[in-house]
Each structure stands twice: as C-alpha cells, then as structure tokens.
Amino acid sequence: MHYKNKKILITGAGSGIGKSILKQFVDRGATSFAVVGRKKEPLEELKKEFPGANFTIITGDVSKKVDLDKIVRLVEESMGGLDILVNNAGVVSAGLLQDISDEDIINQININLTGLILLTKKSLALLKKSKEGAIINISSGLGYIGMPFYSVYAATKAAVRQFSDSLRRELLDYPLHIMTVYPTTTDTNMMKNAKVGEMDTPEEVAEATLKGMEENEINVILGGEQRKKQIELNFNDPKKMDELSKQNYESMRERTENHRSM
Ligand SMILES: NC(=O)c1ccc[n+]([C@@H]2O[C@H](COP(=O)([O-])OP(=O)(O)OC[C@H]3O[C@@H](n4cnc5c(N)ncnc54)[C@H](OP(=O)(O)O)[C@@H]3O)[C@@H](O)[C@H]2O)c1
C-alpha cells in the first residue's frame with residue numbers, strides 16, 4: 001500500500017500506540033491525518049512533532065454518539081474522504097468483577113467496543129469510496145486469552161476480534177484491508193499503574209502494525225512464537241490455561257490491583 005495520498009483517521013492518536021502508528025505512517029510518506037482524543041493538548045502537540053503533516057484536530061469522546069457524528073463530518077469536510085481508519089482509542093479498569101464499578105464496566109464497553117463499532121459504521125460510506133483503504137482495529141492479547149482481573153476489558157477486546165472478522169467477510173468485495181492488532185503489555189500511559197516487568201515499546205507495536213499492512217496480514221499478534229503457542233493452547237486445552245492462571249493468580253492480583261486508565 002502507498003501512503004502518500006492516503007487520508008488517515010486515528011483515534012487516541014495523542015499518545016502511546018496510536019501516536020507511534022501515526023509516526024510510522026508519516027515515515028512512509030503520509031501527510032493527511034485526522035486525529036481524535038478527549039484532550040486537546042496532546043493532539044495539538046502532533047503539529048509541532050510532525051511539521052510535514054497536515055492535521056485535522058478533533059477533540060471528542062468515542063463513547064458519545066454526537067461526537068462520532070462530529071468526527072465523521074469533520075473528516076469529510078476537511079479531508080474530503082477517508083482511506084484508513086485506525087480504531088485505537090481504549091481504556092482499562094482491572095480488578096475482580098465485583099470490585100469494578102458499574103461506571104467503569106459501562107465505560108470500558110462503550111469506549112473500547114461500542115465506540116469502535118459505531119465509528120466504523122459511520123465511516124463506512126467514506127471508506128467504501130477508497131480505491132485502496134484499510135480498517136485497523138487495536139485489540140489486545142487479552143482479546144485471545146482471557147485472564148483474571150480483566151474480565152470486562154478482555155470481553156471488549158475479544159469482541160473487537162469477532163467484529164473485525166465478521167466485517168472483513170462482509171466487505172470482501174471492497175478494496176479494504178481489515179486487520180486486527182493484538183499487543184501484549186506495552187509501555188504506554190495505559191500501563192502506568194500496572195506492575196509489570198518487561199514490556200514492548202509502542203514503536204515495536206506500530207512497526208509490527210505497518211509490517212502487517214505490508215504483508216497483507218489479517219491478525220498481527222505481538223509476543224512472538226510463545227504467544228502464538230499460548231493462543232493455540234487456550235483454544236485446544238482451556239483447562240490447561242486455567243491451571244497456568246491458577247499458578248499465577250496471586251502475582252496477577254498484585255500486578256493489577258491498581259491498574260486503571262480510564
Ligand atoms: N499498553 C498496553 O499494554 C496495551 C496492550 C494491549 C492493547 N492495548 C490497546 O492499545 C490501544 C492504545 O492504548 P495505549 O496503550 O497506547 O494507551 P494510551 O497511551 O493511554 O492511549 C489511549 C488513547 O486513547 C484515547 N482515548 C481514551 N478514551 C477515549 C475516548 N473515550 N475517546 C477518544 N479517545 C480516547 C486517549 O486520549 P484521551 O485520554 O485524550 O482521550 C489516548 O490517546 C488501546 O485500545 C489499548 O486497549 C494496549
């Protein structure tokens with residue numbers, strides 16, 4: 001895919017993985033971006049960091065229908081079309097299910113899943129006009145393997161996986177590459193309150209994402225061969241994965257007890 005004249009919309013582009021994906025596009029010659037987030041400053045900063053690119057800055061909350069309509073309207077008005085949608089905005093609130101507030105449960109679903117689906121739906125009319133387009137959905141390793149303390153987050157990310165697969169099969173007649181990315185723990189703002197050891201960098205996730213685009217991948221799974229084996233094990237022998245989870249239960253509880261980025 002050539003990126004030079006592509007019109008690209010990225011949610012959550014002001015930080016972490018979204019911003020690193022933006023940089024990868026810029027490095028490959030893309031100049032036309034619409035960027036979305038709730039906070040204005042990190043989006044405005046992008047103009048300084050990437051002076052060669054043109055930005056449509058859109059402050060908005062992907063869990064609000066009215067904001068989604070605004071996003072699509074501004075994309076059409078300012079860029080005149082859309083080739084690539086990167087659904088990256090996301091939040092997490094970990095804990096035992098009974099301890100996660102109702103509000104955090106609803107907001108994780110609304111931001112990570114409902115917002116992603118609605119923005120995709122509302123962008124489709126523009127995307128279908130692209131001669132060479134893409135939808136990139138950022139899921140999570142937890143979208144393949146559910147883990148304790150992440151029941152809600154994992155549910156949203158697994159749903160993103162099924163949404164992507166279904167939609168891809170629905171749109172096979174269009175020149176749209178629909179791809180899902182499954183990062184493992186990545187060193188971003190989202191992980192500030194989680195006690196984890198080694199993490200991927202957002203740059204590594206972004207590089208794998210663009211490599212996935214170039215190689216026409218459907219799923220980009222971070223974490224190497226080991227992760228792929230775990231996914232296989234989880235599918236073929238979920239009880240074995242239950243045992244592994246039991247062994248790590250207390251350390252997981254400790255690692256995740258303050259993990260909240262909403
Ligand atoms: N870090 C990891 O270990 C990891 C692992 C697997 C998957 N992921 C996924 O990767 C994606 C990016 O996360 P990240 O790790 O890069 O964390 P991050 O730096 O916290 O990025 C999240 C971005 O989403 C935006 N956002 C959050 N809620 C939003 C809302 N309601 N409306 C619009 N924008 C919103 C945030 O900007 P504002 O706060 O300004 O809105 C922020 O720019 C997420 O979908 C996350 O679930 C991350």
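Each value in this text was obtained by applying a stated rule to the coordinates, not by laboratory testing. Keep in mind the model is a prediction, meaning the values are calculated, not measured. Ideal geometry is used to build each Cβ from the backbone, glycine not excepted, and the neighbour counts take in all protein chains shown.
Close amide H partners of ALA34, meaning residues 5 or more places away or on another chain with modelled amide H under 5 Å apart, are ILE8, LEU9, ILE10, THR56. Taking amide H positions as modeled 1.01 Å from N, with prolines and chain starts lacking one, the residues under 5 Å from HIS259 and 5 or more places away or on another chain are ALA94. A simple spin-label model places the labels of LYS240 and THR201 3.5 nm from each other, with each point 7 Å out along Cα-to-Cβ. The phi torsions of the range 24-32, fed into the Karplus equation with coefficients 6.51, -1.76 and 1.60 and a -60° offset, translate into couplings of 4, 5, 4, 4, 9, x, 6, 10, 10 Hz, rounded to whole numbers, with Gly and Pro shown as x. Structure remark: mean-square fluctuation, Gaussian network model of the chain, C-alpha springs under 10 Å; the largest value among MET199, MET79, MET190 belongs to MET199.
Are there trypsin sites (Lys or Arg not before Pro) in the range 109-188 that DSSP marks as loop and that have at most 10 other Cβ atoms within 10 Å, and which are they? Numbers along the way, then the final one.
On the way: sites: LYS121, LYS122, LYS128, LYS129, LYS131, LYS157, ARG161, ARG168, ARG169; in loops: LYS128, LYS129, LYS131.
Loop-located and lightly packed - LYS131.
With 5 Å bins beginning at zero, the pair-distance distribution over Cα atoms of the range 7-261 amounts to 1, 6, 13, 18, 20, 18, 11, 7, 4, 1, 0 %.
With the Cα gyration tensor of the range 1-128 in hand, convert its eigenvalues to equivalent ellipsoid semi-axes via √(5λ) and list them largest first in whole Å. Kindly include the intermediate steps, with their values, before the conclusion.
Values: eigenvalues 140, 54, 31 Å².
Sorted largest first and rounded, they come to 26, 16, 12 Å.
In terms of distances greater than 22 angstrom between alpha carbons, the cross-link table entries LYS64/LYS121; LYS40/LYS70; LYS4/LYS228; LYS64/LYS157; LYS65/LYS122; LYS4/LYS40 yield LYS4/LYS228; LYS4/LYS40. On full extension, the segment bounded by LYS64 and ASN193 gains 43.8 nm, given 0.36 nm per residue less the C-alpha separation.
Subtracting the Cα-Cα distance of ASN216 and GLU232 from their residue separation scaled by 0.36 nm leaves 3.6 nm.
With a cut-off of 12 Å between beta carbons, the residues surrounding LYS240 carry a summed charge of -1, where Lys and Arg count +1 and Asp and Glu -1. Between SER101 and SER261, the modelled label-to-label distance comes to 1.9 nm, taking each label 7 Å out from Cα in the direction of the beta carbon. Karplus-derived 3J(HN,Hα) values for the range 10-23, using 6.51 cos²θ - 1.76 cosθ + 1.60 with θ = phi - 60°, are 10, 8, x, 7, x, 7, x, 5, x, 5, 5, 5, 4, 4 Hz; glycine and proline are entered as x.
Considering only alpha-carbon pairs that sit under 8 angstrom and 6 or more positions apart, the relative contact order computed for the chain is 20 percent. When the trypsin sites (Lys or Arg not before Pro) in the range 1-67 are filtered for DSSP coil states and for at most 16 other beta-carbon atoms within 10 Å of their beta-carbon, the remaining sites are LYS4, ARG28, LYS39, LYS64.
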